[in-house]
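Enquirer: Structure incoming, see below.
The values are calculated or read from the model by the stated rules, or taken from the named source; none is laboratory data. Quantities reported herein were computed from a predicted structural model and do not represent experimental measurements. All Cβ positions, glycine included, derive from the backbone under ideal geometry; neighbour counts span all protein chains shown.
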Amino acid sequence: MRFATGKWALATCGRCGMRGRYSEMVDDGQTPGLRVHPACRDIRHPQEKPVRAEDGVALQRPTGNPDTANDPLATAATLINNLPPLTGHSFGGGT
């Protein structure tokens, strides 16, 4: 099917509603299928694009334990787990 070139045709901007030449209208970068003036074009910010998942995150054959020698949370957990049990103390609730 052949289409007309739109050399003399007018179009309405989908964003601001102003009339302009059909040949000058461009596709909006944010909304698919929306034809707008070049000044009204909304370009998608790079942070809104999907993340490329090319870098591997998981190990193929993980072995052993992680190094926890310099991990302050692991050190604190070890200290808490090695405390002696509390006996003979009342933590409220008594009269």
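Enquirer: Could you grab the pairs with beta carbons closer than 9 Å, sequence gap of 6+ or different chains, first residue in region 72-95 and of a type in the set (Val, Ile, Thr) and at pLDDT 75 or above, second one part of a helix (DSSP H, G or I) and surrounded by 10 or more Cβ atoms within 10 Å (Cβ to Cβ)?
Expert: none
Enquirer: Among the residues in region 47-68, are any assigned to a loop (DSSP other than H, G, I, E, B), closer than 30 Å to residue 5 by Cα and modelled with pLDDT of 75 or more?
Expert: No, that holds for no residue.
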